[in-house]
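Notes for the one structure printed next.
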Amino acid sequence: MGKPLKGIMTDKTTETETQTEDVSGLKANNADLKSRLKKEQDKSRDLETRLDALEQSINDAADSTKTEIDREKARAARDIQRLTDANANLTSQLATLKIDNVINEQIAKAGVLPHHAPILATFLRNGATMENGEAVVGGKPLTDHLTEFFSSEAAKHYVAAPANSGAGATGSTTSAAGHGFTRENIKSRESEFLLIEKTDPELFKKIAADTGRSDLL
């Protein structure tokens, strides 16, 4: 009866030892898997960190590039504005120069007295503009406007009287020596008279005294 019991116990011991070995192997495999998993997780975290850093670097570079582009746009806008202003200024100066040239040529051609020339030039410049490269007044060519003016009665006050021909003739010197304003015409020429006050105060005083308008002094 004792022998069979001994055999049974031996088989159970062997089975237990086998199971223990299997568990130990599983634990070893599990530990190895955990170790490998940890390494992979560490690699993954490291990769994520590097990717985050790269993404941040790209964003920083993009922000920097955008900022620089904005600066360049602002500089370009300022440069364009400066050029636009300079062009407008030059265009204005050129227009003034062309208008003045036309007026001065017509004043010289008409024989305007030298002391009247500056005042008359200022008067004739009023309303003159440039349109399509041509000097005009109220849509009419400035040269035509000036031709009409110098053909008018009012222009005679500014122009030297022509010398009379013939022996002993000297012509009229009244217009050449005077300012052309009288007590009779001062009222009709009031706008011209007031313009002289701004351009030639001394002449204004003389005209006022000569025409009995000392009340304006």
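The values are calculated or read from the model by the stated rules, or taken from the named source; none is laboratory data. Source: prediction; values computed, not measured. Reconstructed Cβ throughout: ideal geometry from the backbone, glycine too, with neighbour counts over all protein chains shown.
Observations, loosely collected:
- Ile119 surrounded by 20 or more Cβ atoms within 10 Å (Cβ to Cβ) and modelled with pLDDT of 90 or more: no
- In region 204-217, residue farthest from Phe123 (Cα to Cα) [restricted to those that are of a type in the set (D, E, K, R) and in a helix (DSSP H, G or I)]: Asp215
Residue-wise test of (1) modelled with pLDDT under 90; (2) acidic (Asp, Glu); (3) over 26 Å from Leu194 (Cα atoms); (4) touching a helix residue (DSSP H, G or I) at 6+ places or on another chain (Cβ under 7 Å).
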{"site": "Asp63", "(1), (2), (3), (4)": "yes, yes, yes, no"}
{"site": "Val102", "(1), (2), (3), (4)": "no, no, no, yes"}
{"site": "Val112", "(1), (2), (3), (4)": "yes, no, no, yes"}
{"site": "Gly138", "(1), (2), (3), (4)": "yes, no, no, no"}
{"site": "Pro141", "(1), (2), (3), (4)": "no, no, yes, no"}
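- Looking only at region 118-144, residues that are in a helix (DSSP H, G or I) and in contact (Cβ under 8 Å) with a residue 12 or more places away in the chain come to 10 in all.
- Any hit, region 72-79, residues being closer than 30 Å to Ser151 by Cα, surrounded by 10 or more Cβ atoms within 10 Å (Cβ to Cβ) and of a type outside the set (Lys, Arg): no
- Of residues in region 177-199 being under 13 Å from Tyr158 (Cβ atoms) and of a type in the set (D, E, K, R), the one nearest to the chain's Cα centre (by Cα): Glu192
- Residue match in region 88-95 (condition: of a type in the set (Ser, Thr, Tyr), modelled with pLDDT under 90 and either within 30 Å of Leu203 (Cβ to Cβ) or part of a strand (DSSP E or B) (or both)): yes
- Filter result (under 29 Å from the mean Cα position of the chain (by Cα) and polar (S, T, N, Q)) within region 102-150: Asn126, Thr129, Asn132
- Enumeration of residues in region 183-203 that are in a loop (DSSP other than H, G, I, E, B) and surrounded by 17 or more Cβ atoms within 10 Å (Cβ to Cβ): Ile186, Arg189, Asp200
- Test: residue in region 158-181 that is outside any helix (DSSP H, G or I), at pLDDT 75 or above, of a type outside the set (Lys, Arg) and loosely packed, with under 11 Cβ neighbours inside 10 Å: no
- Residue in region 99-116 that is closer than 30 Å to Ala154 by Cα, aliphatic (A, V, I, L, M), touching a residue at least 12 places away in the same chain (Cβ under 8 Å) and not in a helix (DSSP H, G or I) present: yes
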